Amino acid sequence: MLLVATTGLLWVACGNPVPPGPSAAKAVRKECPRQSSDTYYFPEGVMFPSDAHRDREDRWGAGKYLGSLDVPSLSCGGDATEAYRLLWIHTNLPAIVASVTRLDAGWRAEAAEFRHPKTDLFWAVERRMERQVSNEQIRPLLDALDAADFWISPAWKSSDANDGATWYVEGRLDGGYRLLGRGNPTLNDAPFIRGAQILVQLAGMTVPEEMK
């Protein structure tokens, strides 16, 4: 089988990429814990391996948004062979979840916007969008994640910027799972930011100015 190499990802002739080596991906858990568990979406230690308290608090908070959407976990189970998902949480704007999942032919893109964070129901879903996208449309996303060293970059980085936003991007590829978190990313994280923007656009949602 012919292998075609890109900068960081290998594409086989059938079109299925595999994680690059070396990789910091965790193995996808075969069985999922109950959905109410704080480890259903994010395995213990995946956000802050050296700070158990912060890791638990952030996993619980992020998981509340995904649980409100009742979306499947990317870190366990067998629902997807390849998928990428953004959770964008802003202190003064509604949170956004945007994802793409590989199908037998093409991809499904989905996005949801929550209620304003100043309300009592900020975990409630305000609107949802979904559409099918092609392999060609996905290519810029994969290029951006490749440029961001998605599979090997540090799991968490925070800047001195003060825009009040936390960005999480999950990736699942075959048997590997990866989560990158960024607090108030700057131009130093331009490929990561670009990947997040593309996820929102793929689902047909307008990218907020504060995400640009």
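Only the coordinates and a few stated rules stand behind these numbers; no lab work does. All values derive from a computational prediction rather than experimental measurement. With ideal geometry, Cβ positions are generated from the backbone for all residues, glycine too; neighbour counts draw on all protein chains shown.
Among residues other than Thr81 whose Cβ falls under 12 Å from its Cβ, what is the net charge (Lys/Arg +1, Asp/Glu -1)?
Residues close to Thr81 contribute a combined charge of -2.
Determine the relative contact order of the chain: mean sequence separation of Cα pairs under 8 Å and six or more apart, normalised by residue count, in whole percent.
For the chain, the relative contact order is 21 percent.
To make sure I understand the rule: partners must be lysines, Cα under 17 Å from the Cα of Lys118, and not fewer than 8 residues away in the same chain. Which ones qualify?
Output for Lys118: Lys64.
Hey, could you get me the Stokes-Einstein D for region 107-151, Kirkwood radius over alpha-carbon pairs, 25 °C and 0.890 mPa s, rounded to whole µm² s⁻¹?
191 µm²/s
If I model a spin label as a point 7 Å beyond the Cα along the Cα-Cβ vector, how far apart are those points for Gln132 and Ser50 in nm?
Between Gln132 and Ser50, the label points sit 4.8 nm apart.
Put +1 on the Cβ of every Lys and Arg and -1 on every Asp and Glu Cβ in the chain; which of Leu142, Leu202, Leu74 then has its Cα farthest towards the positive end of the dipole?
Checked the options; the winner is Leu74.
Using a Gaussian network for the chain with springs between C-alpha atoms less than 10 Å apart, which of these wobbles most: Arg127, Arg29, Arg172?
Highest fluctuation among the options: Arg127.
Can you compute the charge dipole magnitude of the chain about its Cα centre, using +1 on each Lys and Arg Cβ and -1 on each Asp and Glu Cβ, nothing else charged? Give it in debye, rounded to the nearest 20.
200 debye
Rounded, prolate or oblate: which one fits the chain, using the alpha carbon gyration tensor with axes a ≥ b ≥ c (rounded when a/c is under 1.5, else prolate when a/b beats b/c, else oblate)?
Taking the square roots of the gyration eigenvalues as a ≥ b ≥ c, the chain is rounded.
Using a cut-off of 14 Å between beta-carbons, work out the net charge of the residues near Ser158 (Lys and Arg +1, Asp and Glu -1, Ser158 not included).
With Lys, Arg at +1 and Asp, Glu at -1, the neighbours total -2.
With each run of n ≥ 4 DSSP H residues scored as -39500 (n - 2.57), what mean residue ellipticity at 222 nm is computed for the chain after dividing by its residue count and rounding to the nearest 500 deg cm²/dmol?
Taken over the chain, the calculation gives -7000 deg cm²/dmol.
Please compute the net charge surrounding Leu145, taking Lys and Arg as +1 and Asp and Glu as -1 over other residues with Cβ under 10 Å from its Cβ.
Result for the neighbourhood of Leu145: -1.
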